[in-house]
Amino acid sequence: MYRYDEFDHQLVTERVEQFRKQVDRRLAGKLTEDQFKPLRLMNGLYLQLHAYMLRVNVPYGVLSARQLRKLADIARRYDRGYGHFTTRQNIQYNWVSLADTPDILADLATVEMNAMQSSGNCVRNITADPFAGRARDEIEDPRVWCELIRQYSILNPEFAYLPRKFKIAVTGAPNDRAAVGVHDIGLRMHHDADGRPGFEVLVGGGQGRTPVIGKTIRDWIEPEEILAYIEAILRVYNLHGRRDNLYKARIKILVNALGIDKFREMVDAEWEAIRGQGLTVPEAEQARIAQYFRPPAWASLRDIDAELELQATADPAFGAWLNSNVSAHKAPGYAIVSLSLKAPGREPGDLSADKMDAVATLADLYSLGELRVTHRQNLVLPDVRQADLKELFRELVSLELATPNIGLLTDMIACPGLDYCALANARSIPVAQDISRHFTAVDKLQEIGALSINISGCMNACGHHHVGNIGILGVDKKGKEFFQITLGGASDQNATLGDRLGPGLPQAEVPGAIEAIVDTYLAQRESEQETFLATYRRVGIDPFKTAVYGEEPVRRVA
Amino acid sequence: MALIRNGFLAADGYSPVPADAPLPATGPLLLTLPQWQAWRTELIERGTPVGVRLASDEHPEALAADTNHLSLIALEFPSFRDGRAYSYARLLRDRFGYTGELRAVGDVLPDQLLYMQRVGFDAFEIDSNDPVADYEDAIGGFSVVYQPSGDERVPALRLRHG
Ligand code: SF4
């Protein structure tokens, strides 16, 4: 993984000192909260319902065991002994004090981490395929580019006060695990006929109140030109994005208002003016960063499918876990293991400090000391020997991190919701907990197969409900919480937005409705291979409507 | 309100002209865009120092052909959250070749001076008890930058490779 050099260290250290002074001035009353707000936000500090929340970047989801231990240490010393992994591959601490934050940031700097721009109207943490560098279907490692873009965007003076936040995601695999279609800029790596890499650039995707799937603005940008092209987009957005209405300020609104062709024209004009100058990525810098992402020293092994199959037959629980939580690795004899942070009844994404330490130890023992955070709020051990899977499984079971549900119904995304968030209309975590308690039978979950449920506590959509195969949105009706269900959303390479099923339901009826939807799918599917999404796309919404709300009352003709 | 120019406390020297007033006979003037457009020919002939103050929704492209005739351009920050003028500044410097004083006015907070300076501002109107100290604090806070931004600082990605 990337390691800081003297420049990176210097910059982060100076940033911590700058923020320390700003906090001192705030505490001394020399800065108003209004003036302090953008400064703290750009250092990842939010003011939530009950306390300050600190959001720490995990750059494109890559984490070392050593860093995870530090995160555990921070959770213990400055928070209530746990942290919360987010849909942006970051970690949040929900109970920190303002006065402690400069020390926390200084601690983070010792393990090459920071919270810069994890909030605020600026370019946020760059996100990526959590299996980057390891997935068997990958054609290019996106992390090299993520790091280049990360550095380009950090403390970028021109774009610190954009109309609104700005999210960039990168994937180097045809199966999009980074949801690039719902980002302000999504980058998809391709090869040309000669096998050289380049970027397809999507723009204007996003969720929130106005969900939009990003549109391809360019199908080919040379790698060394990617920073210049991104700068052209950012400049057009900074100059022309709306600033009069918070809800219309994201780039997607600008792209929609202008139309993609006009927007492309403006970006191209800007790009032409800055092309081939200071933003061209020097080959030496690209090579310098790439060397950090060279494959680790994998042993030369062979896949042991037959043996694993035997183990699976002998131990069905292990088999179920293999099925859903273990993915194909580039290197023969290795596997990518996902750790589920979605045990029944748990808060999705939460992990205690003790478990963080235990996971760090497992990463050292079984995965060359490296981990990943996924946008579905789970952790990943990217380099596990297949021969170690059985043993690792046992260890994970004892930590309650082996729930065999990755990619399945109970692998839910849920935003913090009313329990933490000042903007919420409704609870989201308890709804997720209800559902996970309702669907505990492993066989049934595996029978249902791939299915994502995403839950947001209000229309800001932090829980990505628009792109859940089943989306659940908390709404407020006359002071009561209701939950509106959408079906058919997806965030992969064929991203779509969900369709509304019908009127909102009270919390108690949500698990039953999910069950009715799932049973309808099972009854309608043509084969076990047809996923929920495929069936939904084939049969449409009506059978599901009927299953949840009953037959539509027949209109009486007068 | 204090004016910092190139790091020093400075006297303004430019006078605004009230709306509807005629073109004053002499002196360095700070005009609105419409005033400049109305008096442009006469002022160019006269050759005395002229500045233009652009509102935040006035694109500096309007001055692209005039950068040689102006010795001051002031860009307005209606709120410190409105970041358009950062891009305006870069366009004026890099695209339109403006080399005169570029002044940040309006809601200008000391904590933003470094960013402003990096995109090309060299003068700042700030509300502060100790403007020079604030300026030096802000500007001196960082010895490393990651990206080219029209200023003289060399970004890390170049320094790393000599
Ligand atoms: S979706 Fe709404 S409730 Fe949930 S975290 Fe975002 S703003 Fe808060």
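The values are calculated or read from the model by the stated rules, or taken from the named source; none is laboratory data. Bear in mind that the values here come from a model prediction, so they are computed numbers and not experimental data. Positions of Cβ are generated from backbone atoms using ideal geometry, with glycine treated the same way; all protein chains shown enter the neighbour counts. Side chains included, ligands, DNA and RNA excluded: accessible areas come from the protein's heavy atoms. Shrake-Rupley method; radii C 1.70, N 1.55, O 1.52, S 1.80 Å.
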Discussion item. Give me the percent of accessible area attributable to carbon and sulfur for the range A:6-109, probe 1.4 angstrom.
Written reply: 50
Worksheet item: Averaged per residue, what accessible area in Å² does the range B:2-160 show with a 1.4 Å probe, protein chains only?
Response: 43
Discussion item. How much length would be gained if the chain were fully extended between A:A450 and A:N245, taking 0.36 nm per residue of separation minus their Cα-Cα distance, in nm to one decimal?
Written reply: 70.0 nm
Worksheet item: Let a ≥ b ≥ c be the square roots of the eigenvalues of the Cα gyration tensor of chain B; is it rounded (a/c under 1.5), or, if not, prolate (a/b larger than b/c) or oblate?
Response: prolate
Worksheet item: Given labels modelled 7 Å from the Cα in the Cβ direction, how far is it in nm from A:A387 to A:A269?
Response: 6.4
Discussion item. Compute the helix-to-body angle for B:131-140: its Cα long axis versus the longest principal axis of chain B, expressed 0 to 90° and rounded to tens.
Written reply: 50
Item to complete: Enumerate the lysines that A:K390 could reach by cross-link, defined here as Cα to Cα under 22 Å, with residues fewer than 8 away along the same chain left out.
Response: A:K330, A:K342, A:K355
Discussion item. Which entries of A:K30/A:K480; A:K70/A:K167; A:K444/A:K545; A:K37/A:K248; A:K37/A:K167; A:K167/A:K444 have Cα-Cα distances beyond 30 Å here?
Written reply: A:K30/A:K480; A:K167/A:K444
Worksheet item: Taking each residue of A:148-155 in turn, how many C-beta atoms of other protein chains fall within 10 Å of its C-beta, and what is the average?
Response: 4
Discussion item. Counting only protein heavy atoms and a 1.4 Å probe, tell me what percentage of the range A:413-549's accessible area is made up of carbon and sulfur.
Written reply: 50
Worksheet item: Lone cysteines in the protein assembly as shown, going by a 4.7 Å Cβ-Cβ cut-off?
Response: A:C122, A:C146, A:C421, A:C458
Discussion item. When a/c reaches 1.5 or more, the comparison of a/b and b/c decides; with that in mind, is chain A rounded, prolate or oblate per its Cα gyration tensor?
Written reply: rounded
Worksheet entry | Interchain or long-range residues, amide H under 5 Å from A:L408's placed H | A:L451
Response to the item:
Residues meeting the amide H criterion for A:I139 (H placed from the backbone, H to H distance under 5 Å, 5 or more places apart or on another chain) are A:A173
Item to complete: For the A and B pair, go ahead and give the buried accessible area with a 1.4 Å probe, both sides summed, in Å² to 100.
Response: 3500
Worksheet, complete the sentence: Once the in-chain neighbours fewer than 8 apart are removed, the aspartates and glutamates whose Cα is under 13 Å from A:K262 read A:E270
Discussion item. Nearest 10 degrees is fine. How inclined is helix B:33-46 to the longest principal axis of chain B, computing both from alpha carbons?
Written reply: 80
Discussion item. Counting only helical runs of four or more DSSP H residues, what would the 222 nm mean residue ellipticity of the protein assembly as shown come to if each run contributes -39,500 (n - 2.57) and the total is spread over all its residues?
Written reply: -10500 deg cm²/dmol
Worksheet item: In whole percent, what relative contact order does the range A:305-398 give with Cα contacts below 8 Å and a gap of six or more residues?
Response: 27
Practice prompt. Under 1.5 on a/c is rounded, so check that first for the range A:1-97, then, if it is not, pick prolate when a/b is larger than b/c and oblate when it is not; a ≥ b ≥ c are the square roots of the alpha carbon gyration tensor eigenvalues.
Written response: oblate
Discussion item. Given a 1.4 Å probe, show me the residues in the range B:126-147 buried by at least 20 Å² of accessible surface when comparing the whole protein assembly to the chain alone.
Written reply: B:D137, B:G141, B:F142, B:S143, B:V144, B:Y146, B:Q147
Worksheet entry | Long-range HN-HN contacts of B:R53 with modeled amide H, under 5 Å | B:L31, B:T32, B:L33, B:A74
Worksheet, complete the sentence: Here FRET efficiency (C-beta to C-beta, A:R294 to A:I139, R₀ 22 Å, nearest 0.05) is 0.85
Discussion item. Suppose all protein chains stay in the model; what accessible area per residue would a 1.4 Å probe give for the range A:413-549, in Å²?
Written reply: 40
Discussion item. On a 1.4 Å probe surface of the protein chains, which of A:W271, A:W220 comes out largest in accessible area, and what is the full order?
Written reply: A:W220, A:W271
Discussion item. Could you report the accessible area of A:S153 in Å², rounded to 10, computed with a 1.4 Å probe on the protein chains as they sit in the structure?
Written reply: 10
Worksheet item: When DSSP assigns beta bridges and you keep just the ones with both residues in the range B:1-160, what percent turn out antiparallel, to the nearest 5?
Response: 25
Worksheet item: What is the mean number of Cβ atoms from other protein chains located within 10 Å of the Cβ atom of each residue in peptide B:87-96, rounded to a whole number?
Response: 3
Worksheet item: Quick one: if the Förster radius is 41 Å, what FRET efficiency do A:R302 and A:R66 give, using the C-beta to C-beta distance and rounding to 0.05?
Response: 0.85
Worksheet item: Which value, in Å² rounded to 10, gives the accessible area of A:H191 with a 1.4 Å probe and all protein chains present?
Response: 80
